[in-house]
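See structure below.
The values are calculated or read from the model by the stated rules, or taken from the named source; none is laboratory data. These numbers were taken from a predicted model, which means no experiment stands behind them. Heads up, the Cβs are rebuilt from the backbone with ideal geometry, glycines too, and the neighbour counts pull from every protein chain shown.
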Amino acid sequence: MKNTIKLLTVATSLVFSFSINPANAAIIDAGNLTAGDLFENPFNIPSSNNDGPDYFDTINFSLLDTFSVNIFANNLPLGFSFSRIDLLDVNGPPAFSFIDQDTTAPFSFTNVLGAGDYQVNFKYAIQTPPGGSYLGGISVAAVPEPETYAMLLAGLGLIGFSARRRKANTATV
């Protein structure tokens, strides 16, 4: 009886894991990303749609500080459309979907993210002809500090002040 229960538990967990993680899903770990990093990955699209109408690919990555993160996909083949793209904070709030509709166009989405572990899920469908690949990726840029903006505004103010002063000096001559 114990062996039957163990076998049933293992079989149930295997069936459950296959239903959540389809055979065609690619899971890529980009590791720790920092300012200036660019991570690109060509994702292969299945050559048949026997697994169902939807396919999934995932990029996992970590940030050690606050950065401006751009998530993109391009080089989309004919007969390909994204149906949903989610950005998950693995240890935080629920998913943020920045595409929740069918799109056949390349996309790019930029957001400021704090330190933490993240996951991007690409959900797509293929029509005939299936197969090919698309390029998905993440680029990371530094977020300017408030002092940088203050220096920029101070510099613009000084330029405006000197231009106004020159204009006043040429008007009096």
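One table, with the values for the structure above:
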quantity	calculated
The stretch 78-115, residues that are under 19 Å from Asn32 (Cβ atoms) and surrounded by 13 or more Cβ atoms within 10 Å (Cβ to Cβ)	Leu87, Leu88, Asp89, Leu113
Check on Leu78, part of a helix (DSSP H, G or I) and not basic (Lys, Arg)	no
Whichever residue in the stretch 116-133 is exposed (fewer than 15 other Cβ atoms within 10 Å of the Cβ) and of a type in the set (S, T, N, Q) and, among such residues, is modelled with the highest pLDDT	Ser133
Hits in the stretch 134-157 - residues which are exposed (fewer than 12 other Cβ atoms within 10 Å of the Cβ) and closer than 21 Å to Gly116 by Cα	Pro144, Glu145
Counted residues, the stretch 69-126 - those being under 11 Å from the mean Cα position of the chain (by Cα) and either at positive phi or of a type in the set (Gly, Ala, Ser) (or both)	3
Tabulated pairs, the stretch 54-81, first under 15 Å from Phe107 (Cα atoms) and without any contact (Cβ under 8 Å) to a residue 60 or more places away in the chain, second surrounded by fewer than 21 Cβ atoms within 10 Å (Cβ to Cβ) and hydroxyl-bearing (Ser, Thr, Tyr), C-beta under 7 angstrom, 6+ apart or interchain	Leu76/Thr104; Leu76/Tyr134; Pro77/Tyr134; Phe80/Thr104; Phe80/Tyr134; Ser81/Thr103; Ser81/Thr104
Some residue of the stretch 65-77 being under 22 Å from Val143 (Cα atoms), at pLDDT below 80 and surrounded by 10 or more Cβ atoms within 10 Å (Cβ to Cβ)	no
Positions within the stretch 43-64 being modelled with pLDDT under 90 and not in a loop (DSSP other than H, G, I, E, B), in sequence order	Phe43, Asn44, Tyr55, Phe56
